[in-house]
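Asker: Take this structure, written in structure tokens, and hold onto it; I'll ask about it next.
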Amino acid sequence: MRIVCEKGFYKFFPQDVVEVARFERKLGAKLVECEDYFTFTKLAALPNFSFIGQLYSAPLLGLVNYAGKREEVMAKNGYMYSVLTNQIVLKITFVKRMNYEVNNYIFLNTLPQAYNFDEYGIISGFHGFVDVDIMKFKIERFFYENI
């Protein structure tokens, strides 16, 4: 299954629906349809706009007035999705160093957490694949936060 993470927003593109069920069972998290992809329930529920001081994703409030794609709105407000807690959280609350080996691809045993960092900077997203039978993640490329 293809995975695209943009600005901390996870999108899954299965080749068939069986991949979704296998992934959910092994990861222990529910995926739902959203536009032309699958994503985590909390991400699918996000609005494509925010207003300062208004509820954005309980209990979080909008920090900026902004309208756009869900991932852009989430990023403009300084929020991200936590794979560990299945919650929308402030970006700063979840930063740790990622260790991996680089060959043609980066191979990981767990779903990468956006906004962790490596020697090149803070990772805001990535493109890759997951083999849902063995839950191995093959990352083609990381994208970095502009600071």
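The values are calculated or read from the model by the stated rules, or taken from the named source; none is laboratory data. What you are looking at is a predicted structure, and each value in this text was computed from that prediction instead of being measured. Reconstructed Cβ throughout: ideal geometry from the backbone, glycine too, with neighbour counts over all protein chains shown.
Asker: Quick one: would you say residue 49 is in contact (Cβ under 8 Å) with a residue 40 or more places away in the chain, aromatic (Phe, Trp, Tyr) and surrounded by 13 or more Cβ atoms within 10 Å (Cβ to Cβ)?
Answerer: The answer is no for residue 49.
Asker: In addition: In this structure, does residue 58 turn out to be aliphatic (A, V, I, L, M), more than 16 Å from the chain's Cα centre (by Cα), at pLDDT below 95 and farther than 23 Å from residue 128 by Cα?
Answerer: It is true that residue 58 is aliphatic (A, V, I, L, M), more than 16 Å from the chain's Cα centre (by Cα), at pLDDT below 95 and farther than 23 Å from residue 128 by Cα.
Asker: Report every pair of residues separated by at least 6 positions or lying on different chains whose Cβ atoms are under 6 Å apart, first residue within region 126-147 and more than 13 Å from residue 12 (Cβ to Cβ), second at pLDDT below 90.
Answerer: Every condition considered, the pairs that remain are 138/105; 138/107; 139/106; 144/121; 145/122.
Asker: Which one of these is part of a loop (DSSP other than H, G, I, E, B) and not polar (S, T, N, Q): 123, 139, 134?
Answerer: Criteria check complete, one pass: 134.
Asker: State yes or no: is residue 85 closer than 16 Å to residue 112 by Cβ and at pLDDT 95 or above?
Answerer: no
Asker: I'm trying to understand the selection: among the residues of region 113-123, which are more than 17 Å from residue 86 (Cα to Cα) and touching a residue at least 24 places away in the same chain (Cβ under 8 Å)?
Answerer: If the condition is that a residue be more than 17 Å from residue 86 (Cα to Cα) and touching a residue at least 24 places away in the same chain (Cβ under 8 Å), then 118, 120, 121, 122, 123 are the ones that fit.
Asker: On to the next question. Condition (residue is more than 14 Å from the chain's Cα centre (by Cα), modelled with pLDDT of 70 or more, surrounded by fewer than 19 Cβ atoms within 10 Å (Cβ to Cβ) and not in a loop (DSSP other than H, G, I, E, B)) applied to region 95-105: is it met by at least one residue?
Answerer: No, because not a single residue in region 95-105 is more than 14 Å from the chain's Cα centre (by Cα), modelled with pLDDT of 70 or more, surrounded by fewer than 19 Cβ atoms within 10 Å (Cβ to Cβ) and not in a loop (DSSP other than H, G, I, E, B).
Asker: Separate question: Mind counting the residues in region 10-30 that are surrounded by fewer than 18 Cβ atoms within 10 Å (Cβ to Cβ), closer than 23 Å to residue 124 by Cα and either hydrophobic (A, V, I, L, M, F, W, C) or in contact (Cβ under 8 Å) with a residue 24 or more places away in the chain (or both)?
Answerer: So the answer is 3.
Asker: In addition: I need a count of the residues in region 33-46 that are closer than 21 Å to residue 75 by Cβ, surrounded by fewer than 17 Cβ atoms within 10 Å (Cβ to Cβ) and out of contact with any strand residue (DSSP E or B) (no Cβ under 6 Å at 6 or more places or on another chain).
Answerer: Count: 3.
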